[in-house]
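What follows is a set of notes on a single structure, which appears directly below.
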Amino acid sequence: MQELQLSTSTGTTGIVVGEHLTSRLQQLELEPVLLIDENVLIQHHDLFEPFRSVIIPPGEPYKTLQTVEHIYRELVTLEVDRSTLLVGVGGGLATDVAGFVASTFLRGTQFGFISTTLLGQVDASIGGKNGVNLDGYKNMVGNIRQPAFVWCDLSLLRTLELREYISGIAEVIKYGFIRDVAFMEYLEEHMEQLLKLEVPVLEHVVATSA
C-alpha cells in the first residue's frame, strides 16, 4: 500500500493506493452515505450493502443535472446533513457527479472517493474536477473542489471490463510520454505483468501516475 498527499490551492487530498480499501469505510469517524455506480453495487454488493447509498446510473447519458437533482432528492429523503460524509464510488462518471453533488448540496458537504476503474484512479478522481454535461457539452457545469480522500482500490479492478482497463493503461502511457522517461522504461519492462493485474506492478503504476 502507498499513501500520497496532494496539496493544492483548493484543498488537500490524501490518496491511498492498495487492495481491499473498502474495509476503511467501517473506520470513518463520520457515517458515510455512498453515491455509487449501479454496476459497482451489482458487482460488489457484499462490500457496500451495509451502507446507506444512492444509485448513480452508469453511462455518459446520465452525467446530467437531472441526475444531480435526483440525487439531491434522495439525500433529502435520507436526512443527510453536514455531519454526513458523502463517498463517491465508481469510475470517472460517478466521481465527477458525486463530487459536484457534494460540493453543492447544503452549500457544500464533506466527501471522498473510492475509485474503481484504472482510468479513474490515475486521472478522473484526482485533482478535484467535479461536474456534469449540459446539452451535449462535456463537463460544462462544475467546479474544482478537492475530496478529503481518494482510495484507489486495486482489488476492484478485477471485475473491470478489459476494454476499460486498457483505456486506463493508455492514459498511463501518455503520462510517461509527457514527462517521465524512466516511467516509460518501467512500463515497457513490466507491461505483461500490468496486463495481468499483478499487484506490485499495478500499485507502482497507479501511485506514480497519481
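Coordinate-derived values only; no laboratory data. What you see is a predicted model; the values in this text were computed from it and never measured. Here Cβ is always computed from backbone atoms with ideal geometry, including for glycine, and neighbour counts include all displayed protein chains.
With only alpha-carbon pairs counted, each pair once and no self-pairs, how large is the Kirkwood hydrodynamic radius of the chain in angstroms?
After inverting the pairwise mean of 1/r, the radius is 17.3 Å.
Which lysines have a Cα lying under 18 Å from the Cα of Lys138, excluding residues fewer than 8 positions away in the same chain?
Lys63, Lys129
Using a Förster radius of 30 Å, what is the FRET efficiency between His204 and Thr8 based on their Cβ-Cβ separation? Nearest 0.05, please.
0.80
Which value in nm describes the separation of the simple spin-label points at Phe177 and Lys196, placed 7 Å from the Cα toward the beta carbon?
The two pseudo-label positions are separated by 2.7 nm.
Label point 7 Å out from Phe51 along Cα-to-Cβ: which residues of the range 138-164 have amide N under 17 Å?
Only 147-157 pass the distance filter.
Give me the distance in nm between label points sitting 7 Å out from Cα along the Cα-to-Cβ direction at Gln26 and Arg107, one decimal.
Rounded to a tenth, the inter-label distance reads 3.8 nm.
Mind checking which aspartates and glutamates have their C-alpha under 14 Å from Lys174, skipping anything on the same chain fewer than 8 residues away?
Lys174 reaches Asp123, Glu185, Glu188.
Quick one: net charge of Lys63's neighbours, Cβ under 14 Å, K/R +1, D/E -1?
Spelling it out: positives minus negatives among the neighbours equals -4.
What's the extension gain from Ala170 to Met140 if we count 0.36 nm per residue and subtract their Cα-Cα distance?
That works out to 8.3 nm of additional length.
Where the centre of each part is set by its Cα atoms, how far does the range 133-150 sit from the range 81-102, in angstrom?
With the range 133-150 and the range 81-102 each reduced to a Cα centre, they are spaced 11 Å.
Determine Rg/Rh for the range 117-210; Rg is computed over alpha-carbon atoms and Rh is the Kirkwood hydrodynamic estimate from the same atoms.
1.01
Once the mean 1/r over all distinct Cα pairs of the range 54-173 is inverted, what Kirkwood radius in angstroms do you read off?
Here the Kirkwood hydrodynamic radius works out to 14.5 Å.
Report Rg(Cα)/(2.2 N^0.38 Å) for the range 1-98, keeping two decimals. Before the final figure, lay out each step's value.
Details: Rg = 14.1 Å, N = 98, 2.2 N^0.38 = 12.6 Å.
Relative to the 2.2 N^0.38 Å estimate, the range 1-98 comes out at 1.12.
What longest range of the chain stays clear of loop-exposed trypsin sites (Lys or Arg not before Pro) (DSSP non-H/G/I/E/B, at most 14 other C-beta within 10 angstrom)?
Values: sites that count: Arg82, Lys196.
Maximal segment without exposed cleavage sites: 83-195.
Taking the Cβ of Arg52 as the center, what net charge do the other residues with Cβ under 11 Å away carry, scoring Lys and Arg +1 and Asp and Glu -1? Each step should come with its number before you reach the end.
Values: positive: none; negative: Glu31, Glu49, Glu74, Glu79.
That sum, taken over residues with Cβ under 11 Å, equals -4.
Report, in degrees rounded to the nearest 10, the 0 to 90 angle that the Cα long axis of helix 92-104 makes with the longest principal axis of the chain.
40
So what are the ³J(HN,Hα) numbers for the range 69-81, from phi and the Karplus equation (6.51, -1.76, 1.60; θ = phi - 60°), rounded to whole Hz, Gly and Pro as x?
Using θ = phi - 60°, the values come out as 4, 4, 5, 3, 5, 5, 5, 5, 4, 7, 6, 5, 10 Hz.
Could you tally the net charge around Phe100, taking each other residue with its Cβ under 13 Å from the Cβ of Phe100, Lys/Arg +1 and Asp/Glu -1? Don't skip to the end; give the middle numbers.
Numbers: positive: Lys63, Lys129, Arg145; negative: Glu69, Asp96.
Overall, the nearby charge balance is +1.
Could you pull out the GluC sites (Glu not before Pro) across the range 1-86 that fall in loop regions by DSSP (anything but H, G, I, E, B) with no more than 12 other Cβ atoms inside 10 Å? It would help to have the intermediate numbers written out before the result.
On the way: sites: Glu3, Glu19, Glu29, Glu38, Glu69, Glu74, Glu79; in loops: Glu19, Glu29, Glu79.
Those satisfying the criteria are Glu29, Glu79.
Please report, in whole Å, how far the alpha carbons of the range 68-116 spread along each principal axis, starting with the longest.
27, 20, 17
Between Leu28 and residues 5 or more places away or on another chain, which pairs have amide H atoms under 5 Å apart, with H built 1.01 Å from N, and which residues are they?
Here the answer is none, since no amide H 5 or more places off falls under 5 Å of that of Leu28.
Mean separation of Cα pairs under 8 Å and 6+ residues apart, divided by the residue count of the chain: what relative contact order is that in percent?
Relative CO of the chain lands at 22 percent.
Based on the alpha-carbon set only, what is the convex hull volume of the range 160-210 divided per residue, in Å³? Don't skip to the answer; put the middle values down first.
Numbers: hull volume 3.6 nm³, N = 51.
It comes to 70 Å³ per residue, whole-number rounded.
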